[in-house]
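The values are calculated or read from the model by the stated rules, or taken from the named source; none is laboratory data. The structure presented is a predicted model; accordingly, all values stated were derived computationally and were not measured. Here the Cβ positions follow ideal geometry from the backbone for every residue, glycine too, while neighbour counts run over all protein chains shown.
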Amino acid sequence: MDEKITLDKDTFKTLSSETRINILKSLSKRRKTLTELSKQFNMSASTIKEHLDNLCTVDLIKQMDDGHKWKYYELTSKGKDIIEPTEKKIWIMLSVSLIGIFTTLYSFLRSVGDPIVMDSRLGEAATQVIDKGVDSGAMNNIPVINYHIIGFVIFSILLGFSIAYIILKKKKII
């Protein structure tokens with residue numbers, strides 16, 4: 001289920017500034033103080049503070065006051081979704097592929113003890129043939145399909161793509 005980000009007039013207005021977009025991108029790497037952002041963008045602290053206030057007003061960033069001398073700014077979930085909208089989808093795909101691999105592996109290991117499922121030529125159709133009393137020689141005509149292998153391959157490919165994307169994102173190649 002995709003979560004939709006609702007952008008109102010004020011949010012669009014706030015995002016129309018290139019400096020504010022750059023601040024969001026900078027905060028996507030880690031939380032920062034007003035002074036750090038001021039030095040990074042080579043602007044006065046009061047100018048950066050004005051941009052930060054605009055971003056806070058539309059709930060793209062929040063000011064963190066954890067009792068220290070400095071106040072940090074970091075992205076809200078809305079801000080993260082705007083800067084990196086695919087990140088959540090990649091983590092969902094990673095989770096689903098891991099669950100799929102383990103489920104497929106579990107299903108395969110459970111079926112190992114069952115003599116009907118152990119033979120890769122046998123499936124639901126073969127079980128029906130056996131139940132009807134047809135001899136085992138007729139089962140040689142059943143196509144070889146091993147759903148465990150197919151599931152494992154598909155989920156492994158999804159897992160590989162997910163991990164590759166995350167690694168390339170961390171190395172800033174993508």
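Computed quantities for the displayed model
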quantity	calculated
Filtered residues of region 151-172 (kept if more than 19 Å from P85 (Cα to Cα) and modelled with pLDDT under 85)	G151, F152
When residues of region 13-27 are limited to those that are modelled with pLDDT of 90 or more and either within 21 Å of the chain's Cα centre (by Cα) or among the small types (G, A, S) (or both), the one nearest to N54 (Cα to Cα)	L24
Candidate set: region 45-73, residues that are of a type in the set (K, R) and assigned to a loop (DSSP other than H, G, I, E, B); chosen: the one farthest from L15 (Cα to Cα)	K69
Residue identified as at pLDDT below 80 and either part of a helix (DSSP H, G or I) or assigned by TED's automatic domain parsing to the domain that holds E18 (or both) among G133, G137	G137
Pair list, Cβ under 7 Å, 6 or more apart: region 154-174 residue assigned to a helix (DSSP H, G or I), other residue surrounded by 14 or more Cβ atoms within 10 Å (Cβ to Cβ) and among the hydroxyl-bearing types (S, T, Y)	F155/S97; F155/T104; L158/S97; L159/S97; S162/S97
